[in-house]
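Here's the structure we're looking at; comments come further down.
The values are calculated or read from the model by the stated rules, or taken from the named source; none is laboratory data. Note that the coordinates shown come from a computational prediction; the quantities given were computed from them, not determined experimentally. Don't worry about glycine lacking a Cβ; one is built from the backbone with ideal geometry, like all the others, and counts go over all protein chains shown.
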Amino acid sequence: MDVVSIPPKHCLFYGQFYDHGEQVTIKKCVECQCDDGSMKCVRTDPETNCPRLTCPPEQQFSVPDHCCKFCPGVDYCAKGHSCHANATCLNLQTTYACQCDQGFQGDGRMCTDIDECAMEGGEVGHHCHSNTVCVNTVGSYRCDCPEGYEQVDKFGCAEVDECAAGRHRCHENAECTNTDGSYRCSCVFRRLSEWRRLSSTRYLRMRGWLYRRFL
């Protein structure tokens, strides 16, 4: 009887899928690894788990996504590195590290664009307001305004009052009413007496024109 091997499961973590054995640093001093469908995280204590440094404290520096501090050393990045085009090479004490640029995710040697529009809020999600349309771009995103709205800042839009701003196309004898994101035109109801007055005015104007024409 053949034994069917079941491959290890992927992990869904903060809206992102990770392969079995793949590691990710979710925040400083917290390292997580996918283990057959479940993400296991370990917190590093900088006081007990980091190596002792030989350089004085004023020369020690921190690197983003790394818990331990480092001493300045050889410029390993200048000697050649394998960091991705959308990553930054960081010199460490005995080697170098690759860190994906803002708007990208990965291990530094392979960085992919983050779709900020797929998530809302936080460090990697978008911050567009509800009256905007989020558009993902390479390494970032933008908040576009729908029709009938205009940009007020980077993340928000405000409705345009086409009637007050004179941006409508209503007839001169129609009434403009502002609506959500648009406007509508309504014919103005006139009383019979008003129509008679307008008709009389037009009639008198016509008579005056004919009188002057044939005088």
In segment 83-97, the residues that are more than 21 Å from Ile114 (Cα to Cα) and assigned to a loop (DSSP other than H, G, I, E, B): Leu92, Gln93, Thr94, Thr95
Restrict the check to segment 140-154 and report whether at least one residue is closer than 30 Å to Ser82 by Cα, surrounded by fewer than 17 Cβ atoms within 10 Å (Cβ to Cβ) and either of a type outside the set (A, V, I, L, M, F, W, C) or without any contact (Cβ under 8 Å) to a residue 24 or more places away in the chain (or both). yes
Taking segment 42-92 as the search range and keeping residues that are surrounded by 12 or more Cβ atoms within 10 Å (Cβ to Cβ) and at pLDDT below 75, which one is nearest to Val24 (Cα to Cα)? Asp65
Identify the residue in segment 18-41 that is of a type in the set (S, T, N, Q) and under 19 Å from Arg109 (Cα atoms) and, among all such residues, is surrounded by the fewest Cβ atoms within 10 Å (Cβ to Cβ). Gln23
Considering only segment 147-215, give the strands (runs of 3 or more DSSP E) lying wholly within it that have at least 3 residues that are modelled with pLDDT of 50 or more and under 31 Å from the mean Cα position of the chain (by Cα). 149-151, 157-159
Checklist (1) over 30 Å from Ala85 (Cα atoms); (2) at pLDDT below 85; (3) not hydroxyl-bearing (Ser, Thr, Tyr) applied to Glu123, failing item: (1)
Residues within segment 36-63 that are hydrophobic (A, V, I, L, M, F, W, C) and either under 32 Å from the mean Cα position of the chain (by Cα) or over 22 Å from Ala97 (Cα atoms) (or both), tallied: 5
